[in-house]
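Chemist: My questions all concern the structure below.
The values are calculated or read from the model by the stated rules, or taken from the named source; none is laboratory data. Quick caveat, the model's predicted, so the values are computed rather than measured. Here the Cβ positions follow ideal geometry from the backbone for every residue, glycine too, while neighbour counts run over all protein chains shown. Remember, those area values only see protein heavy atoms, side chains included, never the ligands or the DNA or RNA. Shrake-Rupley method; radii C 1.70, N 1.55, O 1.52, S 1.80 Å.
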Amino acid sequence: MKEAALYEKLADNHVRCNLCAHRCKIAPLKKGICGVRENRNGVLFTLVYGASIAESVDPIEKKPLFHVYPGSKSYSIATMGCNFRCEFCQNHEISQIREGSILGRSSMPEEIVERAMDTGSKTIAYTYTEPTIFFEYAIDTAKTAREKGIKNVFVTNGFMTVETIKKLSPFLDAANVDLKSFRNEFYKRYCGAQLRPVLESLEQMKALGIWVEVTTLILPTLNDSKEELLDIANFIKSIGPETPWHISRFYPQYRMHTLPPTPISTIEMAARIGTDAGLKYVYTGNVPGNAREDTQCSKCGKLLIKRCGFTVEDMALEDSRCPFCKTQLDGIYTG
């Protein structure tokens with residue numbers, strides 16, 4: 001165990017965790033909503049420091065991050081736990097903790113970075129579960145990674161505090177943030193959370209210079225109306241039209257088996273809405289072979305990066321610029 005960061009001590013040995021936007025008030029011998037931060041005699045501890053539940057070398061496109069070293073490897077890690085309770089979670093076996101079920105193998109930050117270097121990974125991704133809840137482990141790893149010239153990326157629900165983002169920002173290069181809906185009712189009903197902190201996190205990350213890409217999983221009848229999709233597209237444009245929007249197809253999983261897979265026509269409608277709203281880069285996910293997997297120049301429209309699924313099949317860039325009109329492609333390509 002390791003003493004947690006970002007908490008305050010209260011009366012009667014209670015503590016308040018200020019890591020995520022739940023800001024849990026935790027009584028002695030109790031845990032926060034995430035299930036991995038416990039109050040022991042008025043001191044908050046993280047129960048997952050160095051306890052890796054998943055490690056893998058992934059293509060960066062799997063995060064998905066299409067504008068961060070396209071075609072490169074990303075060493076991906078996770079611990080157990082999450083501050084959301086999404087009924088459609090694809091990693092529920094490790095994100096949704098049952099009492100007494102915190103598992104993981106010992107894997108210290110220096111070891112993570114060494115393995116990332118050995119595999120030729122250009123980034124370390126904190127992913128699979130919600131990286132906010134293993135903040136101490138992630139930031140120590142990220143600091144070591146930076147010293148070795150490896151960049152750091154979060155795949156996150158964005159439900160974190162401003163304090164957390166500010167502490168992370170010197171070491172966090174990019175993030176893919178799930179914007180699951182633009183309706184607070186959806187977040188309350190299906191995630192056990194709220195919308196506003198996610199929007200504020202997106203705004204804060206952009207303001208601090210973190211490269212941001214946004215993913216929305218489209219669930220039939222729940223967040224697929226034209227009005228809501230336009231609201232999402234307009235918000236993304238407001239934080240920067242260069243922000244890529246990944247529109248992902250839903251397949252039944254976890255506790256949500258009554259919904260059918262998202263119709264392709266809905267995915268295409270959402271993509272058109274994003275493009276018409278003025279977003280420079282709109283992508284589709286879980287629809288292999290769709291032309292919306294590719295990256296075109298935002299100025300001349302020429303094909304710059306050809307993809308199939310998570311594989312980059314061809315790339316035509318000259319020092320991260322379009323070779324045809326010399327327009328800079330937004331994102332992280334050097335350094």
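Chemist: Residues ASP330, ASP294, ASP276: which one is of a type outside the set (Val, Ile, Thr) and either touching a helix residue (DSSP H, G or I) at 6+ places or on another chain (Cβ under 7 Å) or open to solvent by less than 30 Å² (accessible area, probe 1.4 Å) (or both)?
Modeler: ASP294
Chemist: Just the residues that are assigned to a strand (DSSP E or B), open to solvent by less than 30 Å² (accessible area, probe 1.4 Å) and over 30 Å from ASP330 (Cα atoms), please, taken from region 9-62.
Modeler: Within region 9-62, VAL15, CYS17, ILE26, ARG37, GLU38, ASN39, LEU44, THR46, ALA51, SER52, ALA54 qualify.
Chemist: Considering only residues that are farther than 22 Å from GLU293 by Cα and either buried (at least 19 other Cβ atoms within 10 Å of the Cβ) or in contact with a Pro (Cβ under 9 Å, 6 or more places away or on another chain) (or both), which ones fall in region 224-249?
Modeler: Correct list: GLU228 only.
Chemist: Output the residues belonging to region 94-110 that are charged (D, E, K, R) and either open to solvent by less than 40 Å² (accessible area, probe 1.4 Å) or closer than 14 Å to GLY35 by Cα (or both).
Modeler: Passing the criteria: ARG98, GLU99.
Chemist: Which of the following residues is surrounded by fewer than 20 Cβ atoms within 10 Å (Cβ to Cβ) and in contact with a helix residue (DSSP H, G or I) (Cβ under 8 Å, 6 or more places away or on another chain): PRO252, PRO220?
Modeler: Within the list PRO252, PRO220, the selection yields PRO220.
Chemist: Out of everything in region 257-273 that is among the aliphatic types (A, V, I, L, M) and more than 21 Å from the chain's Cα centre (by Cα), what residue ends up being surrounded by the most Cβ atoms within 10 Å (Cβ to Cβ)?
Modeler: It comes out as ILE273.
Chemist: Related question: Surrounded by fewer than 24 Cβ atoms within 10 Å (Cβ to Cβ), assigned to a helix (DSSP H, G or I) and either free of Cβ contacts under 8 Å to residues at least 12 places away in the same chain or within 15 Å of the chain's Cα centre (by Cα) (or both), is that true of LYS206?
Modeler: yes
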